[in-house]
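Asker: Attaching a single structure in C-alpha cells format; questions to follow.
What follows is calculated from the coordinates using simple rules that are stated; it is not laboratory data. From a predicted model like this one, the values you see are computed outputs, not experimental measurements. Cβ: placed from backbone, ideal geometry, glycine included. Neighbour counts: every protein chain shown.
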Number of protein chains: 2
Amino acid sequence: MNKIVVIGGGAAGMMFSTQHIRKNKEDSVIVFEKGEYVAWAGCPTPYYISSSLDFGAVVSRTVESFTSKGIDVRVNTEIVSVNKDEKYVVTDKNEKVYYDKLVIAVGAKPNFKLDNAYTLSNPSDAKKIKEKIEDRSTKKALIVGGGFIGIELAESFIEKGLDVSLVEANSELFPIISKNTKDILYDRIKESGLKCYLAKKVTSFNDNYVILDDDTKIDFDILVLATGVKPNIDFISQIVETKDGKIVVDKHFNTSVKDIYAIGDSVYNINRMGGEYIYQPQGDIANKHGYLLAANKEFKGTNRSFASSYFEIKVAGTGYSLEEAKKLGYNAKLVEMTGATKNSHFKEAKENKVEVVVDVDNNLILGAFSVGYDAVAQFIDQFSILISQKVKIDELINIDFCYSPTNSTVWNPVLVLYRKVVK
Amino acid sequence: MNKIVVIGGGAAGMMFSTQHIRKNKEDSVIVFEKGEYVAWAGCPTPYYISSSLDFGAVVSRTVESFTSKGIDVRVNTEIVSVNKDEKYVVTDKNEKVYYDKLVIAVGAKPNFKLDNAYTLSNPSDAKKIKEKIEDRSTKKALIVGGGFIGIELAESFIEKGLDVSLVEANSELFPIISKNTKDILYDRIKESGLKCYLAKKVTSFNDNYVILDDDTKIDFDILVLATGVKPNIDFISQIVETKDGKIVVDKHFNTSVKDIYAIGDSVYNINRMGGEYIYQPQGDIANKHGYLLAANKEFKGTNRSFASSYFEIKVAGTGYSLEEAKKLGYNAKLVEMTGATKNSHFKEAKENKVEVVVDVDNNLILGAFSVGYDAVAQFIDQFSILISQKVKIDELINIDFCYSPTNSTVWNPVLVLYRKVVK
C-alpha cells in the first residue's frame, strides 16, 4: 500500500487521483486543494461569465463525488512546505502528512496582479468577475492581454452589453498565425464593437483609468488582467529542479527528486517536434498528464495544438509558425488554402482559411493554422496527426477522405497541400 | 509528341486532360464525350434538383474553357469501337482517330432501367427529374434504392413538397453502420415524413404504381431508380481485362492492354487495408485518379471513405464494419463513443455518435463511422489518416488535439478510443 499525496485539486490532480485509485484500490490518496473547488475546468469560465454556460460546466463534480470513491479530498487547505528527505508535507493548519509518493499539481497563477484588477484563474475568480459585470454600475470593461482568455473574455463582456476595450502589447492577436489567414477575425472584432489597442502597453494603472504608451487614456469600471500565467510553485522551486520558473519533468513526470512527480500547468512540456521545452498551460494537456501518470505511461510531449474563438469565428493551430520554423533553421514555406464543410455553391457555405507551414527539405508538415467557421479544430487535428506520425507530404495524396457536397469539399486541405507542394 | 485520346468527359477524364496538358504542352489531347456536358459533378445533383444549388455546382465549366487550354473536346460524340492493335478509336460519326495512349474514363451507368422510370447519372438526367418534380401534377414520388443517391434524392423531393416513399431491399440504410449509431438518422427520417420501406422488394412495376413483396401498393407520379451503378463499359469489356464488369487496373492505371489506361467510375479500386478489389464510384476518387494518372504517380487504393447526409443529419465512415472485419477473420470489436464540436453544457451543443472497429490482436483501427451534426466527416477523416498510416492504438494518447469549449471536447474521439481500448 502506497500513501500518495497530491498538491492541487484541479484537472491534473483530480484526473490523476481518480485514475490512480481506480487501478490501485489498496493505495491511499490525499488531495490538498487551497481553494474551495476541485476538478474545475478553466477553459469554460469565460462562457460561464457570459451566461452561455452554467456553473456546472466549470465545476461539474462535488468534493463528495471524489471522497465517495475513496479519495481523501481536503479543500481550503494549503501546503506550506515539503520535506523531501523525510517525505512529508505541512499544511497551513500545521498538520504534517507523510507520503510515499508526492504529486505536484498546483496549476498556474496570473503573471501579474494589481489590487484593483481582476484575474481569472479559478472558479472563485470567475464568480467575482460575473458578479461585478452583472452589477448595473459596471458599463466599461478593460481587458489587458489579448491571448485566449483575453479575447474570450472580451466576447463574454460584449455579450453582457458592456463597452469593452482590449490592450495587447503585441502588434497582432494570435501572432503565430499570418495576417491573411486571420483577417476574418479582425473583421469580426470590428463588427462586434470591441476596441482593440494593439502594439500598446499600459504605462500607468489608476483606480478608474489607465494610460497607454501613446498617452491614450482608457476609463474602466472593471479591469481584468489577462496577461498570461506562470506555474503556481512558490516554495516548490526550492525543492525540485525548475527552469525559468517551470518544473522540469521527464517523460514519466518524475521531477529531479525521487518519488516527487509534477503534472499540469506547473510543468514544462516537451515539443515532440523539436524536443525543446514549451510551456503549454491547457486543460486538455493537464488532464492528459494526470491520466498518463496514473497509467504509468510515457508522455511524448505535444506539438502545441490550441483552439479558441471569438463569437462564431473559430481559431485553431498546431506546430511551428513560419517565423518560428525559419528561426529554428528550417527551409520553411507557407502554403495557403481554404477548407470547408460544404460545397462552395451552397448559399450558406462559409470557408475557413488554412495555412500550412512546410519543411521543404524534408518534405514534412511543420505547422498548420486555421481561422473560420466550421470544423476549424477538426481540420487542424488532421494536420496534428500527420505531424505526430511524421507523414511525408508525398504520401498525402493516398489518404482517402470522406466526401459529399454537404460534408466537405472534393479536395480536403490535406490533399490540397499535396497538390500545392508536389505539383 | 503523344496523341492522347480520352473516352469520357466526366470528372476523371477532364481532371486527367487538364493536368496532362498543363505538364505536356507538346502533346495533343482529344476528349470524346457522348453527352452534352463535360467535367460535371454527380454528387451535387440532388441539391440542384432541390434548388439548394444552382446548375453551376453541377457543371461549373464550359466546353470552351477546356478547348481554350488546348484540349480538343468533342461533345455529343460516342466512341463505338476501339482497335487496340492498330491503336485507333471509331466514333458514332464513323470517324477513325488514332492514338498513342488511350484513357478510358467512361464512368458508370444505372444498374437497372425501366421505360417509365428516371435515373440519375448525369446533368441531363438531373434536369429531367427537376423539370418533372417542378410540374404541379407531380405529387407522389417513389425512390427505389436507399443508398447515397436514394436518401439524398428523398431529402430533395421532400424539400420540394412531395409525398415521398423509399423502398430498400436491405433491412437497414447504411448497413455498414450499427443500429445504435444511426438511430438519430431514423428519427430524422420519421420526422421528415419520408415513408421508408426497408427489407422490401418491388415485385411488379406498373405505369403509376408498384407492388412490393408484401403486397403493399405504392402509387407514384414520378419513379426514380437509385439501385446503384455499374461501369459504363459496353464493348470495352472485350478489349481490356475486367472482373465482374469492372475494369482491372494496376497502381498506375494500366489496363491489361499496353497504352490503354482506365480511371474513374469504370474501374476497380484496391482496398489499401486488405488488398481486395472494391468498387467505389465516387467523384472524389474519380478526380484523384485523373490527377494521379496525369502526374504518373502511384495510387495506393482507398479505404472506402464516404459521406452523405439527410437534412441536417450527416453520415460518414471509413474502413471495415464490424461484420465485415469478422468475416475477414479479424478479432474485431466495436468501441462506441460520442464526438462534438462544443462543450456538452452549451444549450445548442449536439453530439455525434461515433463507432470504431478495432483489431484487438494487432492493436489497429479497422474502421470508423459517425452519424450526427457537425464535423462528422472531419472526425472520420482523422480515423482515415490513422488507418492509412497504420498507427497503433497504443500511440494515440500522444497525439495533441486542438481544444477549447467552443471547438471541441477535452477528449477527442481518437483519445477516447485509446482510453476505451488501452484502459
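Asker: Which one of B:TYR186, B:THR255, B:LEU212 is farthest out on the positive end of the charge dipole of the stretch B:161-301, using unit charges on Cβ (Lys, Arg +1; Asp, Glu -1) and the Cα centre as origin?
Answerer: It is B:THR255.
Asker: Filter the trypsin sites (Lys or Arg not before Pro) in the stretch B:233-285 to those in DSSP coil with at most 13 other Cβ atoms within 10 Å of their Cβ, and list the result. Walk me through the intermediate numbers first.
Answerer: Numbers: sites: B:LYS243, B:LYS246, B:LYS251, B:LYS258, B:ARG272; in loops: B:LYS251, B:LYS258, B:ARG272.
Taking the stretch B:233-285 and a limit of 13 other Cβ atoms within 10 Å, the loop trypsin sites (Lys or Arg not before Pro) found are B:LYS251, B:LYS258.
Asker: For labels at B:SER204 and B:SER237 in the simple 7 Å Cα→Cβ model, what's the distance in nm?
Answerer: Placing both labels 7 Å beyond Cα along the Cβ direction yields 3.1 nm.
Asker: Suppose the chain between A:LYS392 and A:ILE211 were pulled fully straight at 0.36 nm per residue; how much longer would it get relative to their current alpha carbon spacing? Could the numbers behind the result be given before it?
Answerer: Numbers: separation 181, 0.36 × 181 = 65.16 nm, distance 5.07 nm.
Taking A:LYS392 through A:ILE211 to full extension adds about 60.1 nm, to one decimal.
Asker: Quick one: net charge of B:SER50's neighbours, Cβ under 12 Å, K/R +1, D/E -1? Each step should come with its number before you reach the end.
Answerer: Numbers: positive: B:LYS130, B:LYS160; negative: B:ASP54, B:GLU134, B:GLU152, B:GLU155, B:GLU159.
Its environment carries a net charge of -3.
Asker: If you don't mind, another one. Taking the dipole about the Cα centre of chain B, with the C-beta of Lys and Arg at +1 and of Asp and Glu at -1, give me whichever of B:SER171, B:TYR98, B:SER388 is farthest to the positive side.
Answerer: Comparing the listed Cα positions along the dipole, B:SER388 ranks first.
Asker: For A:ILE380, B:ILE143, A:ILE397, which order do you get if you count the other beta carbons within 10 Å of each Cβ and list the fewest first? The partial results should precede the final answer.
Answerer: Working: A:ILE380 32, B:ILE143 29, A:ILE397 20.
Final ranking by Cβ density, sparse to dense: A:ILE397, B:ILE143, A:ILE380.
Asker: Now a separate question. Take every DSSP beta bridge with both residues inside the stretch B:148-232 and express the antiparallel ones as a percent of the total, to the nearest 5. The partial results should precede the final answer.
Answerer: Details: 6 of 10 bridges.
Close to 60 percent.
Asker: Comparing A:ASP85, A:ASP394, A:ASP250, which has the greatest mean-square fluctuation in the GNM of chain A with Cα pairs linked when under 10 Å apart?
Answerer: Among A:ASP85, A:ASP394, A:ASP250, the largest GNM mean-square fluctuation belongs to A:ASP85.
Asker: Pick from B:GLY147, B:GLY275, B:GLY339 the residue whose mean-square fluctuation is largest in a GNM of chain B, springs joining Cα atoms under 10 Å.
Answerer: Highest fluctuation of the listed residues: B:GLY275.
Asker: Per residue of A:305-312, count partner chain C-beta atoms within 10 Å of its C-beta, then hand back the mean as an integer.
Answerer: Details: counts 6, 6, 8, 6, 4, 1, 1, 1.
Per-residue shielding by partner chains comes out at 4.
Asker: Can you compute the modelled spin-label distance between B:LYS179 and B:ASP259, with each label point 7 Å from Cα toward Cβ, in nm?
Answerer: 5.8
Asker: Now for a different question. Over the stretch B:123-225, what is the relative contact order in whole percent, taking alpha-carbon pairs under 8 Å and six or more residues apart?
Answerer: Numbers: 153 pairs, mean separation 32.6, N = 103.
Over the stretch B:123-225, the number comes to 32 percent.
Asker: Same structure, new question: Label position 7 Å from Cα toward Cβ: report the copy-to-copy distances for A:ASN2 in nm, one decimal, ordered from shortest.
Answerer: The answer, with the shortest distance listed first, is 6.4 nm.
Asker: State the antiparallel share, in %, of DSSP beta bridges confined to the protein assembly as shown, rounding to the nearest 5.
Answerer: So the antiparallel bridges amount to about 60 percent of the total.
Asker: Stretch B:ASP219-B:SER68 to full length: gain in nm at 0.36 nm per residue minus the Cα-Cα span?
Answerer: On the way: separation 151, 0.36 × 151 = 54.36 nm, distance 4.91 nm.
In short, 49.4 nm is gained.
Asker: Just report the Cα centroid separation between the stretch A:399-423 and the stretch A:191-254, whole Å.
Answerer: Here the two parts' Cα centres lie 40 Å apart.
Asker: May I ask you to list the GluC sites (Glu not before Pro) in the stretch B:127-177 that are in a DSSP loop and have at most 16 other Cβ atoms within 10 Å of their Cβ? Kindly include the intermediate steps, with their values, before the conclusion.
Answerer: Details: sites: B:GLU131, B:GLU134, B:GLU152, B:GLU155, B:GLU159, B:GLU168, B:GLU172; in loops: B:GLU134, B:GLU172.
Within the stretch B:127-177, the qualifying GluC sites (Glu not before Pro) (loop, at most 16 other Cβ atoms within 10 Å) are B:GLU134, B:GLU172.
Asker: Given label points at 7 Å from Cα along Cα→Cβ, what nm distances, shortest first, separate B:ASP92 from the same residue in every other copy?
Answerer: 8.7
Asker: In addition: Given the -39500 (n - 2.57) contribution per DSSP H run of 4+ residues, what per-residue ellipticity at 222 nm results for the protein assembly as shown, rounded to the nearest 500 deg cm²/dmol? Walk me through the numbers before you get to the answer.
Answerer: Values: 20 runs with 196 residues, N = 846.
Mean residue ellipticity, 222 nm, calculated: -7000 deg cm²/dmol.
Asker: In Å and whole numbers, how far do the C-alpha atoms of the stretch A:123-225 stretch along each principal axis, longest first?
Answerer: Ordered largest first, the stretch A:123-225 gives principal extents of 39, 28, 25 Å.
Asker: Follow-up. Please give the Cα centre distance for the stretch B:277-321 versus the stretch A:312-357, rounded to the nearest Å.
Answerer: After rounding, the separation between the Cα centres reads 23 Å.
Asker: To the nearest Å, what is the center-to-center distance of the stretch B:42-64 and the stretch A:92-168, using C-alpha atoms only?
Answerer: 51
Asker: Considering every Cα-Cα pair within the stretch A:312-422, what fraction, in whole percent, is farther apart than 21 Å?
Answerer: Details: 1942 of 6105 pairs.
In whole percent, the long-distance tail amounts to 32.
Asker: Could you list A:PHE205, B:PHE383, B:PHE174 in order of exposure, starting from the residue whose Cβ has the fewest other Cβ atoms within 10 Å?
Answerer: Details: A:PHE205 16, B:PHE383 30, B:PHE174 21.
The order, fewest Cβ neighbours first, is A:PHE205, B:PHE174, B:PHE383.
Asker: Next question. Where the label is 7 Å out from Cα toward Cβ, how close does B:ASP221 come to the same position in every other copy, in nm, shortest first?
Answerer: Here B:ASP221 shows inter-copy label distances of 6.0 nm.
Asker: Counting pairwise Cα distances across chain A, what percent come out greater than 36 angstrom?
Answerer: Working: 29698 of 89253 pairs.
Beyond 36 Å sits 33 percent of the P(r) for chain A.
Asker: Modelling each spin label as a point 7 Å along the Cα-to-Cβ direction, I'd like the A:GLU131/A:VAL360 distance in nm, to one decimal.
Answerer: Those two pseudo-labels are separated by 5.8 nm.
Asker: Taking 0.36 nm per residue of sequence separation and subtracting the Cα-Cα distance, how much length would be gained by fully extending the chain between B:LYS420 and B:HIS252, in nm to one decimal? Display every interim value, and only then the final one.
Answerer: Working: separation 168, 0.36 × 168 = 60.48 nm, distance 3.99 nm.
Length gained between B:LYS420 and B:HIS252: 56.5 nm.
Asker: A further question on this structure: Please identify, among B:VAL354, B:VAL224, B:VAL257, the residue showing maximal mean-square fluctuation in a Gaussian network model of chain B using a 10 angstrom Cα cutoff.
Answerer: Ranking B:VAL354, B:VAL224, B:VAL257 by mean-square fluctuation puts B:VAL257 first.
Asker: Stokes-Einstein at 37 °C, 0.692 mPa s, Kirkwood radius from Cα pairs: D for the protein assembly as shown in µm² s⁻¹? Write out the running numbers ahead of the final one.
Answerer: Details: Rh = 29.5 Å.
The estimated diffusion coefficient comes to 111 µm²/s.
Asker: Can you tell me, using C-alpha contacts under 8 Å and at least 6 residues apart, the relative contact order of chain A as a whole percent? It would help to have the intermediate numbers written out before the result.
Answerer: Numbers: 927 pairs, mean separation 57.5, N = 423.
Dividing the mean separation by the residue count of chain A yields 14 percent.
Asker: Would you work out the relative contact order for the stretch A:312-422, in percent, from Cα pairs under 8 angstrom that are 6 or more residues apart? Write out the running numbers ahead of the final one.
Answerer: Working: 223 pairs, mean separation 33.3, N = 111.
The value is 30 percent.
Asker: Cut-off is 10 Å between beta-carbons; in what order do B:GLU26, B:GLU33 appear when sorted fewest neighbours first?
Answerer: Values: B:GLU26 7, B:GLU33 27.
Least to most surrounded, the residues fall as B:GLU26, B:GLU33.
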